[in-house]
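The values are calculated or read from the model by the stated rules, or taken from the named source; none is laboratory data. Because the structure is a prediction, the values reported are computed rather than measured. Backbone-built Cβ (ideal geometry, glycine too); neighbour counts: all protein chains shown.
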Amino acid sequence: MSPVVQVADLQRIASDRRITLEAKAILFYLVTRPAGYRLTIPDLVAMSPAGPKTVYSRLKELIALGYVSRKLIQSGADYTVHVVPLNVATVTNGEAE
């Protein structure tokens, strides 16, 4: 799903105060998937004890913050995970610059 993730990427995500802890857990899970992993919502819900409403809500949060992008396709949606958010140049000390 994503290129090799560096420790610095994980530290930056962990310190981003805009992301809830639940969303960070989902993001950490996603960025550590092997190359070629395809995100499916049912699989993500199955991995979480929080339930589908929480998973959908946190995924929307990650999309809004630019860590996940969604492209609608004929069979549903195609998701891409970004270790650096698309809509923010840098995040330092948990604050967008």
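When every residue of region 33-46 is checked against the conditions, at least one turns out to be among the small types (Gly, Ala, Ser), more than 10 Å from the chain's Cα centre (by Cα) and either in a helix (DSSP H, G or I) or surrounded by 14 or more Cβ atoms within 10 Å (Cβ to Cβ) (or both).
Restricting attention to region 2-17, the residues that are out of contact with any Asp or Glu (no Cβ under 8 Å at 6 or more places or on another chain), assigned to a loop (DSSP other than H, G, I, E, B) and within 24 Å of ALA50 (Cβ to Cβ) total 3. Picking from residues in region 47-79 that are of a type in the set (Lys, Arg) and outside any helix (DSSP H, G or I), the one that is nearest to the chain's Cα centre (by Cα) is ARG70. When ILE26 is tested against (1) crowded, with 16+ Cβ neighbours inside 10 Å; (2) over 11 Å from VAL81 (Cβ atoms), just one condition goes unmet, and that condition is (2).
Could you check region 61-79 and list, in sequence order, the residues that are modelled with pLDDT of 90 or more and touching a Lys or Arg at 6+ places or on another chain (Cβ under 8 Å)? Of everything in region 61-79, those that are modelled with pLDDT of 90 or more and touching a Lys or Arg at 6+ places or on another chain (Cβ under 8 Å) turn out to be ILE63, LEU65.
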